[in-house]
Structure formats: C-alpha cells, structure tokens
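Contents: one structure, followed by commentary.
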Amino acid sequence: MIKTKPLINRTDMIHCVLCADAPCTAACEKMKPGSLLRHIWFRYEQGAAQQLPETNPCLTCSAACERSCVRPGEVHIRDLINRLYYQVKPECETPVPENEDRLKSEICGIPLENPFLLSSSVVASTYDMCARAFEAGWAGACFKTVSTLDIHEASPRFSAITGGDGGIIGFKNIEQLSDHSVEENMEIFRRLKEKYPSKFILASIMGQNEEEWKELARKCEENGADAVELNFSCPNMMEGGLGSDIGQVPELVERFTAAAKAGCSIPVLAKLTPNVAEMNTAAEAARRGGADGIAAINTIKSVVGVNLHTYVSAPAVHGQGAVGGYSGNAVKPIALRFIAELAKDPALEGMHLSGMGGIETWQDALEFIMLGAGSVQVTTAVMQYGYRIIEELKAGLNMYLAEKGMSSVREARGLALDSLRRHTDAIERDTLLFPKFIPERCIGCGRCMISCADGGHQAIRLDENRRPKLDGKRCVGCHLCVLVCPQGAAVPGGKRISRG
C-alpha cells in the first residue's frame, strides 16, 4: 500500500540539494542515484524502490556516488538506497503502472493528458519555457497574464521562508504581468499550438475596461488558446482598480466575465482572489457572467520578514518594501478550504474547478482533486525544483489510482467532500481517542512530555527508561504528542472511550 507517511523522510536526506545532472548519477554504473533521491524527496519512494536492480550493488561498491557529491560525505546515498531495498521494497504491493491512461482529464470538455498544468507566472512566460515543460510531460500551461499595460518589474522581487529541510515553505513575490506585448504573446500561442497541438493552452488575461477584456479574449482564441483565464486576483496589480481589487467586487467580476465571454467561444475561467472572507459570492457572480469554471487560489497579500538592521521588509527595493503575493506549501490549507467551499456550493454545480496553492507533491495535488478540483496548477514548486517534478507528480498519482482500483482520476474527484463540515461544532464530540506509543520507535527525547505539560493537559510522564507513559484520567485525546514526536513513535489509534 502507498504510505501516506513516507518510510524515508526528507530530513533523512536534508543535505541533498537535488542537483541538475546529478554527479552521483554520473559516478554510478548500476543505477541513477540522483533520480532515486528525487523520487524520495517528492514522496514517490515506492516507485523508486521498484526501479532498483534485482541485486543491490551498494553492498559491494566503493561509494563513488558519495565521493562525487557536491557535498562530499554529507549525503549518505548508499544508506538511503539500502533503505529503499530493505525497508521500502518489501512494502511495495502495487506495481508501477504500464501506462498513464488513468491520468487523462479534461477542462470544460477539452481533453487533458493529465491534470497537471503550469499556473500563470514566470514559469510559463516564454515559448521556450512552455515547450520544455510540455516535453517534460506537463499537460498544459496557463500563460503569464497578457495585458496592454506597460510592465516594468522591480529588482529584486522574490523572498521566502524556508523550513528545517532547507526547502521553501512560503514564497513572496512582487512580480506583475507578462512584459511581452500582446502581439508577441499571440505569436507564442500560435507557435505552441502548432508544435504541441495536444497540449492545453490556458491564456490568462487582464483588461482595463470591458472592451479590453472582450478584445483580449477574442485574440487569444484566434491565436490558438484552448481556454481563457480571467485574472481578477493579482495582488501586485491593484492600481486603478485592477487585479485583486476586481475579485473583491462581485459586480465587476460579473461584468468583466460577461465582456470576455462576448469576445470568444472557448471556455472562460475566472481566477479569484483569496484576499476575501469568502470566495463563493464572487464565483457565483462569475457564473452569472457566463464563466465555465473557477481557478483558485491566487497568491495571498503578505509581508514576509523585516530586516532588523535596515527595518525594511523583504524583498527590499532601493530601501523600500511592499505588500506582495504569498504562495508555496504554506498556503495549501487556505487554498484547500476555498476549493472545498466552491465545490460544495450548489450554485456552482457543474463548473470546472482548477485548484492551485502550495502543490509540490502528488499527494498535495490529490488533496485538491479529492476536494473537487478537476485540474491543478503549479508554480512555486517549479520555481524551486524545475519542470522535472512532473515525473513524480504523474507517477505518484498514477500508482495511487492503480492501487485504489480507479480507472480514472475523475473517480477521485470530490471524495473528501462528504466528510468535510463547515464548522467544528458539527463534528462528533462524545468520545476520546487516546494516542498510542510505539516503543521500538521511541528514542526517549521527551518532546511529547514537554508539549503535553506546557501546551496540553499534563497527561504524559517518562518512566525510568525515558519512555512515555499516558495518564488516561488526564488525557483529552488532543494528539499534540502525535504531531510533535520527531520519530513517529506517537500515533493515533489508542483506545477510544466514551466521555460518559
């Protein structure tokens, strides 16, 4: 069974930097360590294990891969591959699927090779970039927003918050729209559609008035776009009532959607802003205007870090900072909430939902699909790791669907909606589920005890062997200990009792 929690954690390979043209692979004659490490990082470890040679060459090799590493001695490649052999491979029950037929999807009736698209951003801003992404396996791209505005970008324009594994968990940008002219972008669309007729071109546009929305939509259709995405949500384009200012006013959403629909016959998706208390009102306005689908979410207005010496927030541009758009894995819970609310809205039934916001692994994408998304879009993970992540996105999702006996990704769509309640007072509160401790995993660090004592209900003590003991009279089943345990030694699944 595909593990929801990987047997090998990213922290086990924290020093690996996922090299381009990995030197470890060049040094190994028996396998491709660089590819295997990337599979582990993106939670496709069971696929990695099934790519291994029948006999483990690491047992007799001289570890040339580790010596060739750009961080010699810091990445224990042989140990990680041995764990694939002896921990992961025995757990593999589902073979790697022979084809990708299960991944076939659609947007408003137009076929997709798979549900994965690049989202409107720098990662889809030139012919060459989109072409390389298509060659890598992406089903399509939402091209960087086309407008008649004169764009001059700031420098620098990115900042980030990193996690313990060194990866970016939150990413801020103050970037605006495409800096190509409308005519240049139309030429790119024509070339892409001519070279890659089966790839989906989603043209993001932003007009300054109804006539511009209509004209841009018309031009995009005439030059090969399969659908149009209306950018009502860019947090970096608010001057003059553009960007996210539009998405906060349902009347404008309806009016400009209608204008774009009047200019084209291809599907129109409204991309809405998360900088609102709720998105459904704007989404329903988009439907009244004729929208065929909703794309969500765009980035969240943010301030990321302040330099404690210059007093300027990042990124600093000539001594000034600005509120910008926040993305990355940190925003995924917010994006999932909006997608779920849209999917559960009867007034939006039948509309295509294209979900985005923090997608990095196939599990992330699957969560959006299970909450109602029919396609998913990715930017921040591509900016950090490159187009190559599509391999793990597709392969991991394909293997999951095969394991579950699903013949199509459509069978997974919306599976999590029935169990989701809008408010916490609607869930069952009459029983307690105690945590369970797994002794062989415990290292006696006491983190569970500290968290329970200072942030919980003082229900855990350590015995003479530094192993946790639970006081059932004090435990309230909050599972804080499960979350903080660095070894996975505290798990759900202990005894369930009635509060009565």
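A short reminder: the numbers here are calculations on the coordinates, not readings from a lab. In this text the structure is predicted, and so the values were computed from the model without any measurement. All Cβ positions, even for glycine, are placed from backbone atoms using ideal geometry, and neighbour counts span all protein chains on display.
Overview of results
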quantity: Kirkwood Rh in Å, taken over all unlike Cα pairs in the stretch 1-152; calculated: 18.0 Å
quantity: Charge tally in the Cβ shell below 12 Å around SER233, where Lys, Arg are +1 and Asp, Glu are -1, SER233 excluded; calculated: 0
quantity: Neighbour-count ranking [beta-carbon atoms within 10 angstrom, fewest first] of THR431, THR60, THR148, THR273; calculated: THR60, THR431, THR148, THR273
quantity: Spacing of the two label points (7 Å from each Cα toward its C-beta) at ASP463 and GLN487, in nm; calculated: 1.4 nm
quantity: Eligible aspartates and glutamates near LYS436 by straight Cα distance, threshold 15 Å, same-chain separation 8 or greater; calculated: ASP471
quantity: Long-range amide H partners of ALA227 with built H, under 5 Å; calculated: ILE201, ALA203
quantity: Spin-label model distance (nm) - SER498 vs SER265, 7 Å beyond Cα toward Cβ; calculated: 6.5 nm
quantity: Neighbourhood charge, 11 Å Cβ-Cβ cut-off, centred on PRO486 and excluding it, Lys, Arg +1 and Asp, Glu -1; calculated: +2
quantity: Integer Hz, Karplus 6.51/-1.76/1.60 couplings in order for the stretch 379-388, x for Gly and Pro; calculated: 10, 4, 5, 5, 4, 8, 10, x, 4, 4
quantity: Unsatisfied cross-links (Cα-Cα over 32 Å) in the set LYS104/LYS301; LYS30/LYS195; LYS32/LYS172; LYS104/LYS219; LYS144/LYS404; calculated: LYS104/LYS301; LYS30/LYS195; LYS32/LYS172; LYS144/LYS404
quantity: Fewest-first sequence of HIS318, HIS457 by Cβ atoms within 10 Å of each Cβ; calculated: HIS318, HIS457
quantity: Of every Cα-Cα pair in the stretch 10-91, the percent that sits beyond 16 Å; calculated: 44 percent
quantity: Per residue, the convex hull volume that the Cα atoms of the stretch 219-335 enclose (Å³); calculated: 133 Å³
quantity: Label-point separation in nm, SER408 to VAL303, each point 7 Å along Cα→Cβ; calculated: 4.9 nm
quantity: Environment charge at SER121 (Cβ cut-off 14 Å; Lys +1, Arg +1, Asp -1, Glu -1); calculated: 0
quantity: Estimated FRET transfer efficiency when R0 is 41 angstrom, pair CYS61-LEU417 (beta carbons, to 0.05); calculated: 0.25
quantity: Farthest positive-ward along the chain dipole, Cα basis, beta-carbon charges - from CYS19, PHE434, GLY293; calculated: PHE434
quantity: FRET efficiency estimate (nearest 0.05) - Cβ-Cβ, ILE161 to GLU93, R0 41 angstrom; calculated: 0.65
quantity: Chain lengthening between ARG441 and GLN320 when straightened (0.36 nm per residue, less Cα-Cα); calculated: 38.6 nm
quantity: Average Cα contact separation per residue, the stretch 428-498, under 8 Å, 6 or more apart, as relative contact order %; calculated: 48 percent
quantity: Unit Cα scatterers, Debye sum, the stretch 428-498: log10 I(q)/I(0) for q = 0.12, 0.20 Å⁻¹; calculated: -0.27, -0.74
quantity: Calculated FRET efficiency for the pair THR148/ILE14, C-beta based, R₀ 41 Å, to 0.05; calculated: 0.30
quantity: Kirkwood estimate for the chain, i.e. one over the average of 1/r between Cα atoms, Å; calculated: 24.7 Å
quantity: Simple Cβ-charge dipole of the chain, Lys/Arg +1 and Asp/Glu -1, about Cα centre, in debye nearest 20; calculated: 1960 debye
